[in-house]
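A.B. asks: Mind having a look at this structure? Questions to follow.
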2 protein chains.
Amino acid sequence: MKKTVFTLAAVAAVIGTVAVAQDYSANLKARQGQFRILALNIGILGGMAQGKIAYDAEAAQRAADSMVAVTHIDPGPLWPEGSDNMSIDGTRAMPSIWDENADFLAKWGALGEAAAGMQQVAATGQEALGPAMGKLGGACKACHDKHRAPE
Amino acid sequence: MKKTVFTLAAVAAVIGTVAVAQDYSANLKARQGQFRILALNIGILGGMAQGKIAYDAEAAQRAADSMVAVTHIDPGPLWPEGSDNMSIDGTRAMPSIWDENADFLAKWGALGEAAAGMQQVAATGQEALGPAMGKLGGACKACHDKHRAPE
């Protein structure tokens, strides 16, 4: 009887120390989808800023509004601890996102501010898009440089 | 020389009649990611409504706010014409989305209203979640029944 208890305890210890492969695919698809939505709308605004897409004030406003909407999504459920690129496949999210979470959240907040800045000016004219895009690109890059692994 | 011109015209005619496989993967990933974000947050609110997750007013509010944020994303760039399940692989989006676009957009709007309803009550208590979840589920189902192909 004692041996059985010991064996169960040993199994429990092994389960505890070996990382159990939890399924984070739903979280990954959600957060990667979020960046896809941002990218689609950045593509519209960037295309207009560069003159590759005809400037359309209403379409620019909708794209900026969509980006702001994405920045209002709570990052918590999308970024569960353990879903970093050292623990699972299919992500470039570095452990620093959780190890330096305040920095990550500050950078997410900075993206929100840059998107809000674009929202303010998107419908005011094509020439306003470039500077606002620069701030958006800077916010993206700051987080990617620090918290995203190279491909 | 005339023969060359004819040949080029013939090639152009072939290109024009054979459907050119346009790459909608970025659009698909964005719109499917959008539903993944909704699903994650519905999971939180549904789990609390059913008592499977401990009710937490702040977490419930954040989940509801996130759903409302998603419903503020402009559907236009996510649903380009030609990205239906009769035209491309990897989607269950039926042609009716474009053929009856006003109906599709009304159903998207109804989801926005249901999410706003959840946002109003999510922090008021666990017992408020069930009825609000029912309306959300109804909005999801109405669109899926009409515009999403079975798996």
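A.B. asks: So in segment A:64-89, with the set limited to residues that are facing another protein chain (nearest Cβ under 10 Å) and charged (D, E, K, R), which one is surrounded by the fewest Cβ atoms within 10 Å (Cβ to Cβ)?
C.D. replies: A:D65
A.B. asks: Find all pairs meeting these conditions: Cβ atoms under 7 angstrom apart; at least six residues apart or on different chains; first residue within segment A:97-117 and in contact (Cβ under 8 Å) with a residue 24 or more places away in the chain and over 27 Å from A:G46 (Cα atoms); second residue acidic (D, E) and buried (at least 18 other Cβ atoms within 10 Å of the Cβ).
C.D. replies: Listed pairs, sorted by first residue: A:I97/A:D84.
A.B. asks: Kindly evaluate B:R148 against the criterion of being modelled with pLDDT of 95 or more and surrounded by 15 or more Cβ atoms within 10 Å (Cβ to Cβ).
C.D. replies: Here the answer is yes, as B:R148 does meet what is asked.
A.B. asks: I need the full set of residues from segment A:90-104 which are surrounded by 17 or more Cβ atoms within 10 Å (Cβ to Cβ) and of a type in the set (A, V, I, L, M), in order please.
C.D. replies: Result: A:A93, A:M94, A:I97.
A.B. asks: When only residues in segment B:43-58 that are within 19 Å of A:D74 (Cα to Cα) and among the small types (G, A, S) count, which is farthest from the chain's Cα centre (by Cα)?
C.D. replies: The qualifying residue farthest from the chain's Cα centre (by Cα) is B:A54.
A.B. asks: Could I ask something else about it? Of all residues in segment A:138-151, which are in contact (Cβ under 8 Å) with a residue 12 or more places away in the chain, part of a helix (DSSP H, G or I) and not charged (D, E, K, R)?
C.D. replies: Across segment A:138-151, the qualifying residues are A:G138, A:A139, A:C140, A:A142, A:C143, A:H147.
A.B. asks: Could you say whether any residue in segment B:39-56 is under 26 Å from A:L45 (Cβ atoms), out of contact with any Cys (no Cβ under 9 Å at 6 or more places or on another chain) and not aliphatic (A, V, I, L, M)?
C.D. replies: The answer is no, given that none of the residues of segment B:39-56 is under 26 Å from A:L45 (Cβ atoms), out of contact with any Cys (no Cβ under 9 Å at 6 or more places or on another chain) and not aliphatic (A, V, I, L, M).
A.B. asks: Filter segment B:34-63 down to residues that are of a type in the set (D, E, K, R) and more than 9 Å from chain A (Cβ to nearest Cβ) and give me whichever is surrounded by the most Cβ atoms within 10 Å (Cβ to Cβ).
C.D. replies: Here the residue is B:D56.
The values are calculated or read from the model by the stated rules, or taken from the named source; none is laboratory data. For clarity, every value in this text was computed on a predicted model and none was experimentally measured. Here the Cβ is made from the backbone with ideal geometry for all residues, glycine too, and neighbour counts use every protein chain on show.
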